[in-house]
1. In the stretch A:197-224, whose amide N lies under 18 Å from the spot 7 Å out along Cα-to-Cβ of A:GLU27? List them in ranges.
2. Can you work out D for the stretch B:184-232 in µm² s⁻¹ from Stokes-Einstein, where Rh is the Kirkwood radius over C-alpha pairs, the temperature is 20 °C and the viscosity is 1.002 mPa s?
3. Please check: in the Gaussian network model of chain B (C-alpha springs, under 10 Å), which one of B:SER104, B:SER294, B:SER67 has the largest mean-square fluctuation.
4. Just to be sure I understand: with springs between alpha-carbon atoms less than 10 Å apart, which residue in A:LYS125, A:LYS199, A:LYS76 has the highest mean-square fluctuation in the Gaussian network model of chain A?
5. At 0.36 nm per residue, and after removing the present C-alpha to C-alpha distance, how many nm does the segment from A:SER217 to A:ASP175 gain when stretched out fully?
6. How many angstrom lie between the Cα centre of the stretch B:129-181 and the Cα centre of the stretch A:45-90?
7. All other residues with a Cβ under 11 Å from the Cβ of A:LYS192 taken together, and with Lys, Arg as +1 and Asp, Glu as -1, what is their net charge?
8. Rounded to the nearest 20 Debye, what is the dipole magnitude of chain A about its Cα centre when Lys and Arg each give +1 and Asp and Glu each give -1 at the C-beta?
Amino acid sequence: MNAYRPLFPILGSLILMSYLQSCKKDEPRDIPVTIHNVWGNADTPLVLAETYVNPITGEDAKFYTCNYYLSNFQLKKSDGTYWKQPDSYHLVRVTDSNLHEINLAAVPPGEYTAIRFLVGVDSLKNVSGAQTGDLSPSNNMFWSWSTGYIMLKLEGASSNAPQGFFSFHVGGFRDADSSNVTQWVELPFDSKPLVVNRKNNPKVALNVNVAATFTFSNTLEKYSSLHASGTLGRVMAAQFANGISVRRVE
Amino acid sequence: MKKNWGIFSTALFLLSACVKEQASPYRPISFEIPVHFPHPNYTFSNNTITTEGFELGRRLFYDTRLSYDNSTSCASCHNPESAFSDAGKPLSTGVGGAFGQRNSPSLANLAWYPYFMWDGGVNHIEISSLAAIVHPAELNMDFAALLQKLREIPEYVIRFEKAFGTPEINDQRFFYALTQFTGLMISSQSKYDLVIQGKAQFSEQEQLGSNLFNQHCNSCHSGIFQTDFSFRNNGLDSEFLDEGRKHITNNINDLGKFRVPSLRNVALTYPYMHDGRFNTLEEVLLHYSNGIQSSPTLDPLLTQGISLNQLERAALIAFLQTLSDEHFGKDSRFSNPF
């Protein structure tokens, strides 16, 4: 024991040095992505049971359900490669709040120039059997009769709909029979990159403008119901994805 | 003394042999692929079979509390006595006596199925029970409400904990347990199975039927399960109340097409076709002989029908009866635990 005593100070300083080293090094950070569900481009918060007027069609709409999936979140590095969130499946539900937070956990330090994600659930998870959490069938975002996740569920009332209400279940994931509604979205951080280091508190906010789903060609007067995959679903999915934009990067 | 011991031990041996013979042959709770079966589609790779998981699945399968009004269980339409089908009923019967739209199929060898339901709408064994649970004319149960119902039954809380380590009851655990039960329902001990393994022989009539089957039927009813798992219009109608596969694919070329069903235990699983319109195998064969209805999606193999005389029909039926597996419905592992 005594023979090793002279080594103690050396060992001690080694430990101290490595500790200091680790302090200097940037650690991965959790990055909150706040989803702001809005109506139109004027940043009107979208909540349930309020009546909104579509700025394009002039039709009114009051939502009882507005749920959708975002999955496979990625952040684009300055070198063009992507950091990918593992097991990244997020069910967003509009409630009496229009905000929903998605946490991107343990993002490595660095500079990121864009955010990328899939609107909907990728085909692999649609063919992989029983899931849990946000992908649980009990969330009622799943077709039991024709297996697959509902990408976007919009239900509510409108005086323009022939029967006074509307119900859209947009889903489908197969390329083989052209039923795939999922949409990749990549949004560049135009104003400034997302910098992840130990000094700042990086965060991202996205706008999801649900009004974009309804346009002149796709009015509630003309279409008020959809419960299967098909052309209307693909059109609505594309328009919904178009309504997503970067609100803020900090 | 020595002599007495000899008699005693002989008696003991006989007794134990007797006991052994009387008890139903013990078959372990494990996924055993019959030697003459191909590689299965589902191998439980992410859903490890345990006795506790299997027993939980067995209870869920037979528990009428899975339905909205506690009247109906999976076994109500998938009865072990008819190879887990609904013998005698053309259409499935759910809560409040409501009729479903289609005939309840036999549940056997599901781990080999590439898809489920008459229209192939369900793509995975683990979630194959969901459609029946939530359908208004079947168990009519909101799935979230069902999980909540189970969470309030102490026995299930204990059984889920035994099966999965913690008492949490969630979607995935529910489906995993039920799949451990239904996925083990393997029917592989019919006379047909013995014959193809060289352990038995067809009678003359059965052999004639087998030859006719290979000549006329097995381009669709092919392989060890007597199905190529394709979707075909077998000429039941010229107009379609039930659009079949088209309901899933939106493809007009799939109108009136349904899956080619496995014929295992076919003699036990009457009535026949997706809507149970034929009561007997004889009626089915008469349909193929002279009942084929023409339509744009009619299977090309059936445009001329399949001409069969009475002798041939009887032989085919004798062959189809060799597909009945008497051990299957009597396997104590799959019996009602309540």
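1. The answer is A:197-203, whose backbone nitrogens lie closer than 18 Å to the label point.
2. On the way: Rh = 12.0 Å.
In µm²/s, the coefficient rounds to 178.
3. B:SER294
4. Result for chain A, Cα springs under 10 Å: A:LYS199 fluctuates most.
5. Contour length minus the Cα-Cα distance gives 12.7 nm.
6. Cα centroid to Cα centroid, the span is 31 Å.
7. Details: positive: A:ARG248; negative: A:GLU111, A:ASP190, A:GLU250.
Overall, the nearby charge balance is -2.
8. Working: 21 positive and 21 negative charges, 181 e Å.
Rounded to the nearest 20 debye, it is 860 debye.
FYI, it's all coordinate maths here, none of it is from the lab. Quick caveat: nothing in here was measured; it's all calculated off a predicted structure. Cβ: placed from backbone, ideal geometry, glycine included. Neighbour counts: every protein chain shown.
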